[in-house]
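All remarks here apply to the structure that follows.
The values are calculated or read from the model by the stated rules, or taken from the named source; none is laboratory data. What you see is a predicted model, and the numbers here were worked out from it, not measured in a lab. Glycine also receives a Cβ, built like all others from the backbone with ideal geometry; neighbour counts cover every protein chain displayed.
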Amino acid sequence: MSNPSLLILPGDGIGQEVMAEVKKIIDWFGDKQDLKFDVSEDLVGGAAYDAHGTPLHDDTMAKAQEVDAVLLGAVGGPKYDDLDFSVKPERGLLRLRKEMDLFANLRPAQCFDALADFSSLKKDIVSGLDIMIVRELTSGSYFGEPRGIFTENNERVGINTQRYTESEIERVARSAFELAKRRGNKVCSMEKANVMESGILWRDVVTEVHQADYADVELSHMYADNGAMQLVRAPKQFDVILTDNLFGDLLSDCAAMLTGSLGMLPSASLGAPMENGRPKAMYEPVHGSAPDIMGQNKANPSACILSFAMALRYSFDQGDAATMLEKAVESVLAKGIRTADLMQADGGKAVSTSEMGDAIINELNANV
Ligand code: NAD
């Protein structure tokens with residue numbers, strides 16, 4: 001049987017630096033765990049624009065559709081700020097998400113004990129936190145029609161439309177329930193059914209999917225504004241939070257900051273199952289290309305490395321390998337090994353991007 005395939009798109013700025021560390025980890029799993037991948041690499045974002053005049057070449061798009069998973073670094077940078085909107089680096093990323101139809105965005109908010117002091121919340125509120133936000137990514141207010149700025153009665157009117165079909169709600173609800181079954185078996189669905197019809201439909205469809213196929217998972221509903229309050233009051237009450245595109249944008253950023261640095265936050269975007277049963281998938285750190293620190297070998301590679309751990313778990317059914325990698329990152333932090341972004345909280349010694357990658361590999365080696 002052939003190895004599972006992985007397309008690596010490092011992108012721009014620190015995307016290339018952090019991905020270099022992920023490549024070492026991928027090699028480690030191949031050498032030491034006999035977990036081998038057919039890895040190919042290509043350009044996205046500004047790097048693709050420089051080479052081809054487009055932020056995503058059609059050939060790269062075609063490759064992304066064929067592989068088992070895509071791993072992306074980050075795109076963008078000041079060099080590209082004045083480009084036309086249609087060829088900006090971010091358009092490459094949006095095209096990948098859209099054409100692969102990645103409708104479920106998974107953002108874990110996990111607080112490693114060693115970083116609990118880093119949160120803006122009290123340590124006992126976040127210590128041991130492990131929640132997952134499932135955000136609908138391809139519909140809702142950011143895509144609904146009509147949209148635009150129009151003139152009515154001699155003044156301008158800005159319009160966006162919150163629109164969801166039953167099937168769009170159903171498929172993302174299924175993703176959340178499936179995920180919950182592998183975790184704490186609880187889903188809290190968030191909308192504004194008190195003031196929005198789309199919220200009423202959301203609640204109805206989630207309840208129907210639950211009753212039909214996932215009655216063994218604990219389901220609760222919460223208005224999204226209360227959800228925001230509960231996330232900062234008592235975040236550990238949640239396991240999986242299911243929500244729409246707009247509320248998910250806000251709630252996932254809020255949850256992310258419970259845990260500290262952008263350099264620690266992975267994400268996954270999943271679509272429908274392919275013929276081999278694996279979902280279409282792209283894994284990427286939440287952070288951008290960080291032009292302020294690029295080229296200085298000081299970016300934290302953990303978010304990108306933890307994104308690869310998510311790929312191991314959700315695309316390749318390698319939950320044990322994923323846990324091994326996550327534990328290695330946790331142990332490195334527990335030893336006080338930190339990149340510069342994790343410094344101010346407890347004044348540990350800052351290491352470089354490559355030293356952080358090597359420390360994680362040392363930890364993996366120590367545990368095999
Ligand atoms: P950013 O995430 O790149 O950086 C925000 C701050 O966090 C910076 O101070 C940066 O140094 C720091 N930071 C981010 N990742 C880090 C890491 N791994 N280690 C250490 N520090 C880290 O966001 P920005 O500055 O708003 O955007 C910069 C560029 O990235 C822009 O062109 C933006 O459009 C693009 N961007 C891309 C993505 C993506 O590719 N998914 C996401 C956000 C922003």
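Would you please name the residue that is nearest to the chain's Cα centre (by Cα), looking only at residues in the stretch 340-358 that are at pLDDT below 95 and assigned to a strand (DSSP E or B)?
ALA350
Could you figure out which of (1) over 30 Å from SER2 (Cβ atoms); (2) more than 20 Å from the chain's Cα centre (by Cα); (3) within 14 Å of the ligand (Cβ to nearest atom); (4) not aromatic (Phe, Trp, Tyr) isn't true of ARG91?
(2)
Could you tell me whether the stretch 325-343 includes any residue that is more than 15 Å from the ligand (Cβ to nearest atom), touching a residue at least 24 places away in the same chain (Cβ under 8 Å) and within 24 Å of GLU99 (Cα to Cα)?
For the stretch 325-343, residues more than 15 Å from the ligand (Cβ to nearest atom), touching a residue at least 24 places away in the same chain (Cβ under 8 Å) and within 24 Å of GLU99 (Cα to Cα): absent.
Looking only at the stretch 277-324, count how many residues are within 14 Å of the ligand (Cβ to nearest atom) and of a type in the set (Asp, Glu).
2
Yes or no: GLY260 within 16 Å of the ligand (Cβ to nearest atom), under 30 Å from LYS23 (Cβ atoms) and assigned to a loop (DSSP other than H, G, I, E, B)?
Yes.
If I ask for residues that are hydrophobic (A, V, I, L, M, F, W, C) and more than 13 Å from the ligand (Cβ to nearest atom), which ones from the stretch 30-82 would you list?
LEU35, PHE37, VAL39, LEU43, ALA51, MET61, ALA62, ALA64, VAL67, ALA69
Only residues that are free of Cβ contacts under 8 Å to residues at least 24 places away in the same chain and of a type in the set (D, E, K, R): list them for the stretch 344-357, please.
Selection gives LYS349, GLU355.
Only one of VAL209, VAL217 is touching an Asp or Glu at 6+ places or on another chain (Cβ under 8 Å) and closer than 20 Å to PHE103 by Cβ. Can you tell me which?
After applying the criteria, what remains is VAL209.
Please verify whether the stretch 240-250 includes one or more residues that are within 16 Å of the ligand (Cβ to nearest atom), within 23 Å of the chain's Cα centre (by Cα) and surrounded by fewer than 20 Cβ atoms within 10 Å (Cβ to Cβ).
Looking for residues that are within 16 Å of the ligand (Cβ to nearest atom), within 23 Å of the chain's Cα centre (by Cα) and surrounded by fewer than 20 Cβ atoms within 10 Å (Cβ to Cβ), one finds at least one in the stretch 240-250, hence yes.
For the subset of the stretch 3-17 comprising residues that are over 13 Å from GLY76 (Cβ atoms) and among the polar types (S, T, N, Q), which member is farthest from the ligand (Cβ to nearest atom)?
ASN3
Going by the conditions given, is ASP320 surrounded by fewer than 18 Cβ atoms within 10 Å (Cβ to Cβ), within 25 Å of GLY13 (Cβ to Cβ) and among the charged types (D, E, K, R)?
It is false that ASP320 is surrounded by fewer than 18 Cβ atoms within 10 Å (Cβ to Cβ), within 25 Å of GLY13 (Cβ to Cβ) and among the charged types (D, E, K, R).
Run down ARG97, ARG107 and say which single residue is charged (D, E, K, R), touching a strand residue (DSSP E or B) at 6+ places or on another chain (Cβ under 9 Å) and more than 11 Å from the ligand (Cβ to nearest atom).
ARG107
When you go through (1) on the phi < 0 side of the Ramachandran plot; (2) touching an Asp or Glu at 6+ places or on another chain (Cβ under 9 Å); (3) not acidic (Asp, Glu) one by one for GLY128, which number turns out not to apply?
For GLY128, the failing item is (1).
Out of LYS32, LYS63, report the one residue that is part of a helix (DSSP H, G or I), surrounded by 16 or more Cβ atoms within 10 Å (Cβ to Cβ) and among the basic types (Lys, Arg).
On inspection, the qualifying residue turns out to be LYS63.
Looking at HIS210 and the list (1) assigned to a strand (DSSP E or B); (2) closer than 29 Å to THR259 by Cβ, which single condition is not satisfied?
Only one criterion is unmet by HIS210, namely (1).
So is ASP225 acidic (Asp, Glu), within 16 Å of the ligand (Cβ to nearest atom) and surrounded by fewer than 18 Cβ atoms within 10 Å (Cβ to Cβ) or not?
no
For the stretch 94-164, list the strands (runs of 3 or more DSSP E) that sit wholly inside it and hold at least 3 residues that are surrounded by 20 or more Cβ atoms within 10 Å (Cβ to Cβ) and touching a residue at least 40 places away in the same chain (Cβ under 8 Å); which are they?
So the answer is 104-110, 130-136.
Out of (1) closer than 25 Å to GLU168 by Cβ; (2) at pLDDT below 95, what's the single condition that is false for SER261?
For SER261, the failing item is (1).
Among all residue pairs at least 6 apart or on different chains, which show Cβ distances below 9 Å where the first residue, located in the stretch 285-310, is within 12 Å of GLN16 (Cβ to Cβ) and modelled with pLDDT of 95 or more and the second is more than 6 Å from the ligand (Cβ to nearest atom) and among the aromatic types (Phe, Trp, Tyr)?
Short answer, once both residue conditions are applied: CYS304/TYR283.
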